[in-house]
Amino acid sequence: MNRRTSIITGLTALTAAAAALTTTATAEEKKNPDLEKIRAVLKAHDDAMTGHDMKGVLATLAPKAVIMGTGPGELWATPEQIKDAYKHFFEEFDKGQQDFTYHVKHGDLSANMGWLLVSGEVKGKKGGKAIAFPLNVSCTVSKADGSWKIASMHFSTLTGAGGSK
């Protein structure tokens with residue numbers, strides 16, 4: 001898997017986070033039922049990412065959002081950089097062809113900030129050909145104009161031997 005594919009793969013992780021967080025109640029969710037608000041933000045990102053919907057993706061991000069990938073230089077901190085990154089991310093998978101499985105999920109939420117961590121794998125298609133890779137995602141959210149938005153996201157994937165299929 002090349003660096004660009006790794007980056008694109010990583011951002012699809014947020015979609016996986018949304019799927020993972022909507023399936024089973026964790027101890028954190030039982031302590032703080034407001035985590036549903038964050039899951040809704042991730043679900044909106046998931047739907048937009050899967051549908052190659054740039055406007056939808058950007059609507060889930062805070063005004064000063066920052067996205068970080070796995071390797072050096074994989075940091076997007078301006079709206080223009082983020083738009084360019086997502087444009088390339090969309091090129092790396094077939095529209096609507098993603099399936100996320102997460103085995104580890106953690107999160108918490110306070111009045112104005114929250115966080116989520118997920119770990120698992122992503123399966124999808126590119127050019128009709130099956131792809132699969134492991135994925136870790138960490139995400140912080142904050143309130144912007146009264147709504148929860150993604151303030152920062154970091155993703156990592158294994159890119160060496162055995163890390164991609």
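The values are calculated or read from the model by the stated rules, or taken from the named source; none is laboratory data. All values reported here derive from a predicted model rather than from experimental measurement. Every residue, glycine among them, receives a Cβ derived from its backbone with ideal geometry; neighbour counts consider all protein chains shown.
Data table
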item	result
Hits in segment 37-76 (condition: more than 21 Å from ASP145 (Cβ to Cβ) and either in contact (Cβ under 8 Å) with a residue 60 or more places away in the chain or among the aliphatic types (A, V, I, L, M) (or both))	MET49, MET68, GLY69, THR70, GLY71, GLU74, LEU75
Residue match in segment 77-90 (condition: farther than 19 Å from ASP53 by Cα and either touching a residue at least 60 places away in the same chain (Cβ under 8 Å) or among the acidic types (Asp, Glu) (or both))	no
Selection within segment 109-126 - in contact with a helix residue (DSSP H, G or I) (Cβ under 7 Å, 6 or more places away or on another chain) and either at pLDDT 90 or above or of a type in the set (A, V, I, L, M, F, W, C) (or both)	LEU109, GLY114, LEU116, VAL118, VAL122
Residue within segment 95-106 that is among the β-branched types (Val, Ile, Thr), closer than 17 Å to ASP46 by Cβ, at pLDDT 90 or above and under 13 Å from the mean Cα position of the chain (by Cα) present	no
Residue in segment 127-144 that is outside any strand (DSSP E or B), modelled with pLDDT under 90, within 19 Å of ALA65 (Cα to Cα) and more than 17 Å from the chain's Cα centre (by Cα) present	no
Single match in LYS83, LYS64 (criterion: basic (Lys, Arg) and in a strand (DSSP E or B))	LYS64
Criterion violated by ASP34 - all others in (1) surrounded by 20 or more Cβ atoms within 10 Å (Cβ to Cβ); (2) within 24 Å of ALA144 (Cβ to Cβ); (3) in contact with a strand residue (DSSP E or B) (Cβ under 8 Å, 6 or more places away or on another chain); (4) modelled with pLDDT under 75 satisfied	(1)
Only listed residue being surrounded by fewer than 20 Cβ atoms within 10 Å (Cβ to Cβ) and within 16 Å of the chain's Cα centre (by Cα), chosen from GLY56, GLY71	GLY56
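Conditions (1) of a type in the set (Ser, Thr, Tyr); (2) touching a strand residue (DSSP E or B) at 6+ places or on another chain (Cβ under 8 Å); (3) surrounded by fewer than 17 Cβ atoms within 10 Å (Cβ to Cβ), marked per residue:
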| residue | (1), (2), (3) |
| --- | --- |
| HIS52 | no, no, no |
| LYS64 | no, yes, yes |
| ALA85 | no, yes, no |
| PHE93 | no, yes, no |
| PHE100 | no, yes, no |
| HIS103 | no, yes, yes |
| GLY114 | no, yes, no |
| GLY127 | no, no, yes |
| LYS143 | no, yes, yes |
